[in-house]
Amino acid sequence: KPLPTLIRKKRDGERLEDAEIRSFVRGVTEGTAQQGQIGAMLMAIRLQGMDAGETLALTQAMAVSGRVLAWPPAWHGLVVDKHSTGGVGDKVSLALAPALAACGCKVRGTPEGGRAGRLRVPAPTCAHPQVPMISGRGLGHTGGTLDKLEAIPGFRVSQSPEEMCSILERVGCCIVGQSEELVPADRVLYGLRDVTATVDSVPLITASILSKKAAEQLSALVLDVKFGGAALFPTQESARELARSLVEVGTHLGIRTVAVLSRMDQPLGRAVGNALEVLECLECLDGGGPPDLRQLVTTLG
């Protein structure tokens, strides 16, 4: 069906079929959907919502909009990731990813993508868990993990899937940004949500987060869902709604998914600002740093 028909259907509170959702995502990825049309669909979803089936279909369509990673059999059950809904001073990923890698996980982060297809990575020399994180930039008033990492001179957040695998094999963790290889639909929608006042839509948040995790082919995922005055969701109940959506869709995708609710009424740790937060994470990795940061890193780990 033409995209205006699908926009009108969701605007009027009707349910979109799986094929209709795939058609919308294909238009986003291939560039046939105009920005105004994409913004209108985002607002319709924000106002009318999506049921669990629609949210799952949107997540799956976004996940396969680019390449999907397939890991060696030796890494089965060892590829893990963490995601936070963000808050002021939230720099947990910078300390958690290397800590998990030191414990034997493979922690990977996910880029935004382009070409369809399945990428197979070379077999590793050992069976340590992997921690690959595909992270994002700042949304709203919250800072982004990639922005913080780029405060390190020469740090490159854009890595190809092959480079990611090489990094994972050497050091066990990798934090990268979306690329034209992986989850390209999210790359488009992520940027437009920030300028169309649709950042706080539970279905859109769920699909954005979990499409990247599905493309990573994770074994397990822990989600830090924040609530409070400095978080995207001010109340614990609204954050719990998002947590339920994330866990339900993640489980349907075959990922062992758990969520932790954490308070964000004040900045996490003592440092706010990209370079300052990197330094505070180094203190944390060295056994120091603020107690609230250490506690959250430990809980999620």
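Do you know which residues across the stretch 220-234 are in contact with a Phe, Trp or Tyr (Cβ under 6 Å, 6 or more places away or on another chain) and either touching a residue at least 60 places away in the same chain (Cβ under 8 Å) or not in a strand (DSSP E or B) (or both)?
Within the stretch 220-234, just F233 meets the criteria.
May I ask you to list the residues in the stretch 274-297 that are touching a residue at least 12 places away in the same chain (Cβ under 8 Å) and either open to solvent by 50 Å² or more (accessible area, probe 1.4 Å) or not charged (D, E, K, R) (or both)?
Matches in the stretch 274-297: N274, A275, V278, C281, C284, L285, G289, P290, D292, L293, L296, V297.
It is to be established whether one or more residues within the stretch 247-270 are touching a Gly at 6+ places or on another chain (Cβ under 6 Å), over 26 Å from P291 (Cα atoms) and modelled with pLDDT under 95.
Among the residues of the stretch 247-270, not one is touching a Gly at 6+ places or on another chain (Cβ under 6 Å), over 26 Å from P291 (Cα atoms) and modelled with pLDDT under 95, which makes the answer no.
Restricting to the stretch 11-52, what's the tally of residues that are closer than 23 Å to D200 by Cβ and within 25 Å of the chain's Cα centre (by Cα)?
24
I'm trying to understand the selection: among the residues of the stretch 53-63, which are surrounded by fewer than 24 Cβ atoms within 10 Å (Cβ to Cβ) and in contact (Cβ under 8 Å) with a residue 60 or more places away in the chain?
E54, L56, Q60, A61
In the stretch 166-180, what residues are touching a residue at least 60 places away in the same chain (Cβ under 8 Å) and either in a helix (DSSP H, G or I) or farther than 23 Å from L78 by Cα (or both)?
Hits for the stretch 166-180 are L168, V171, S179, E180.
All but one of (1) closer than 23 Å to S238 by Cβ; (2) touching a Pro at 6+ places or on another chain (Cβ under 9 Å); (3) open to solvent by 30 Å² or more (accessible area, probe 1.4 Å); (4) outside the structural domain of V247 (by the TED database) hold for G49; which doesn't?
G49 satisfies every listed condition except (3).
Check whether at least one residue in the stretch 145-162 is at pLDDT 80 or above, out of contact with any Ser or Thr (no Cβ under 8 Å at 6 or more places or on another chain) and crowded, with 23+ Cβ neighbours inside 10 Å, and report yes or no.
Yes; the residues of the stretch 145-162 include at least one that is at pLDDT 80 or above, out of contact with any Ser or Thr (no Cβ under 8 Å at 6 or more places or on another chain) and crowded, with 23+ Cβ neighbours inside 10 Å.
Check A61, A44 and return the single one that is part of a helix (DSSP H, G or I), modelled with pLDDT of 95 or more and within 24 Å of L253 (Cα to Cα).
Selected residue: A61, the only one of A61, A44 that is part of a helix (DSSP H, G or I), modelled with pLDDT of 95 or more and within 24 Å of L253 (Cα to Cα).
Could you list, in sequence order, the residues of the stretch 17-36 that are closer than 17 Å to R193 by Cβ and open to solvent by 40 Å² or more (accessible area, probe 1.4 Å)?
Matches in the stretch 17-36: T29, Q34, Q35, G36.
List every residue pair whose Cβ atoms sit under 7 Å apart, with the two residues 6 or more apart in sequence or on different chains, where the first one lies in the stretch 240-269 and is under 20 Å from V88 (Cβ atoms) and the second, anywhere, is aromatic (F, W, Y).
L242/F233; L261/F227; R263/F227; M264/F227
Among the residues of the stretch 197-212, is there at least one that is over 17 Å from the mean Cα position of the chain (by Cα) and over 17 Å from T59 (Cα atoms)?
The answer is yes; a qualifying residue exists.
Picking from R256, R244, which residue would you name as being within 19 Å of K213 (Cα to Cα) and either outside the structural domain of S93 (by the TED database) or surrounded by fewer than 15 Cβ atoms within 10 Å (Cβ to Cβ) (or both)?
After ruling out the rest, the residue left standing is R256.
Note down all Cβ pairs under 8 Å where the first residue falls in the stretch 144-159 and is in a loop (DSSP other than H, G, I, E, B), the second is aliphatic (A, V, I, L, M) and modelled with pLDDT under 85, and they're at least six residues apart or on different chains.
Short answer, once both residue conditions are applied: V157/V176; S158/V176; Q159/V176.
Conditions first: (1) surrounded by fewer than 16 Cβ atoms within 10 Å (Cβ to Cβ); (2) under 16 Å from the mean Cα position of the chain (by Cα); (3) at pLDDT 90 or above. R193 passes all but one, so which condition is the exception?
It is condition (1) that R193 fails.
Of A185, A207, A214, which residue is in contact (Cβ under 8 Å) with a residue 24 or more places away in the chain, open to solvent by 10 Å² or more (accessible area, probe 1.4 Å) and not in a loop (DSSP other than H, G, I, E, B)?
On inspection, the qualifying residue turns out to be A214.
The values are calculated or read from the model by the stated rules, or taken from the named source; none is laboratory data. As the structure is a computational prediction, the values presented were derived from the model and not from experiment. With ideal geometry, Cβ positions are generated from the backbone for all residues, glycine too; neighbour counts draw on all protein chains shown. Surface areas here come from the heavy atoms of the whole protein model, side chains and all, with no ligands, DNA or RNA. Shrake-Rupley method; radii C 1.70, N 1.55, O 1.52, S 1.80 Å.
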